[in-house]
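Novice: Structure below; questions to follow.
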Amino acid sequence: MTRSQTIIVVPCYNEADRLDVEAFRRFDPAGRSVRFLLVNDGSTDETRVLLERLREADGELFSVLTLDRNRGKAEAVRQGMLEALKDEVAYVGFWDADLATPLEDIALFCRILDERSDLEMVFGSRVNLLGRKVRRNLLRHYIGRIFATAASAVLQLPIYDTQCGAKLFRATDEMRRICAEPFISRWIFDVELIARYVQSRRGTDEPPARDIIYELPLMRWIDVKGSKVKARHFIAVAFDLLRIQLKYFTGA
């Protein structure tokens, strides 16, 4: 495997009704520069069967990691990232299984890291600008903006969107350390991941987290029905944000 390759982790839990198998099959990265690691997070429906069919159809493009039980998205992503980081690749990332962000955008994420050696990560950002097709549930959008403001304050970073499920990172030893321990947050591990970067660079000569993150306004993002996060979970989300602040920013 060459250093030019990218591995994208796709966490899957009971995605049999939402997984666009044909979109994955049609995706043809130039020179086979992208591979997918599909993580079956203890699904109880036909998800595992669909993932294994993808692997059997093209074992060079798809591999499958099956967890013994449902661990939650945070742990599924972490386990997938650790597995991906075992290979000699240039970039690793994760992508939501519903493909709200199209697979074709992976090439743009990679190109930004190719061209900007000062950056360590690229995050998709759902900004509904003119000329873009970003479709979100209105209530979730406004709740999301409140959360994003709070997350930005906790992280002390002017970040617009921490929760978009399309992210790409350089495959570095630092990334391995960031993913080494389980996240304390089940719902907003993305925020905790950034907090770990902030903490790891505090008091060092390394560029601060705000200088190594690139937010990419997406041209297209479509809210797909069936999200596991419901309105009732926002109390737990607020509690997780408080825990992240206490652990990484106040020393409690």
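Novice: When ranked by the protection proxy of mean other Cβ atoms within 10 Å per residue, highest first, what sequence do the peptides 177-186, 37-46 form?
Specialist: Most protected by this proxy first, the peptides run 37-46, 177-186.
Novice: Next question. Taking only protein heavy atoms into account and a 1.4 Å probe, give the accessible area per residue of the chain in Å².
Specialist: 49
Novice: Still on this model: Rg and Dmax of region 42-168 over Cα atoms: what are they, in angstrom?
Specialist: Both quantities, over Cα of region 42-168: 16.8, 46 Å.
Novice: Let me cross-check residue 242: its accessible surface, 1.4 Å probe, with only protein heavy atoms counted, in Å² to the nearest 10?
Specialist: Roughly 80 Å² of residue 242 is accessible to a 1.4 Å probe.
Novice: Right, here's the next one. Are there any helices in the chain, counted as whole DSSP H runs, that stretch 20 Å or more along their axis by Cα and score at least 0.0 on average by Kyte-Doolittle, and if so which?
Specialist: Those that pass (Cα extent of 20 Å or more, hydropathy at least 0.0) are 138-155, 234-249.
Novice: Points 7 angstrom from Cα along the Cβ direction at residue 56 and residue 87: gap in nanometres?
Specialist: For residue 56 paired with residue 87, the spin-label model returns 2.1 nm.
Novice: Also, I was wondering about something else. Amide H of residue 215: which non-local residues (sequence gap of 5 or more, or other chain) have their own amide H closer than 5 Å, using H built in the peptide plane?
Specialist: 123
Novice: May I pose another question? How large, in percent, is the carbon and sulfur part of the accessible surface of region 18-169 at a probe radius of 1.4 Å?
Specialist: 49
Novice: Please name which of 70, 134, 51 has its Cα lying farthest along the dipole of region 40-162 towards the positive end, using unit charges on Cβ (Lys, Arg +1; Asp, Glu -1) and the Cα centre as origin.
Specialist: 134
Novice: Evaluate the Kirkwood expression for the hydrodynamic radius of region 130-228, namely the inverse of the mean inverse distance over all pairs of different C-alpha atoms, and round to one decimal in Å.
Specialist: Roughly 15.2 Å, rounded to one decimal.
Novice: In bins 10 Å wide, starting from 0, what share of all Cα pairs of the chain does each bin hold, as a percent?
Specialist: For the chain, the binned pair fractions read 7, 31, 39, 20, 2 percent.
Novice: Moving on to the next point. Top to bottom by accessible area (1.4 Å), largest first, where do 160, 91 land?
Specialist: Highest to lowest solvent-accessible surface, that is 160, 91.
Novice: Let me ask another. For region 98-153, just say rounded, prolate or oblate: build the C-alpha gyration tensor, square-root its eigenvalues into a ≥ b ≥ c, call rounded for a/c under 1.5, and beyond that prolate if a/b exceeds b/c, oblate if not.
Specialist: The shape class here is oblate.
Novice: If you find the alpha carbon centre of region 75-143 and of region 157-187, how far apart are they in angstrom?
Specialist: Cα centres, region 75-143 to region 157-187: 11 Å.
Novice: A further question follows. Ratio of alpha-carbon Rg to the 2.2 N^0.38 Å globular estimate for region 1-42, to two decimals, please.
Specialist: 1.32
Novice: Hey, if we sort 223, 190, 68, 205 by accessible area with the 1.4 Å probe, largest down, what's the order?
Specialist: Heavy-atom accessible area, descending, gives 205, 68, 223, 190.
The values are calculated or read from the model by the stated rules, or taken from the named source; none is laboratory data. Treat the numbers as computed from the prediction; the structure is a model and nothing was measured. Note that we place each Cβ from the backbone using ideal geometry, even for glycine, and neighbour counts take in every protein chain shown. SASA here: full protein model, heavy atoms, side chains in, ligands and nucleic acids out. Shrake-Rupley method; radii C 1.70, N 1.55, O 1.52, S 1.80 Å.
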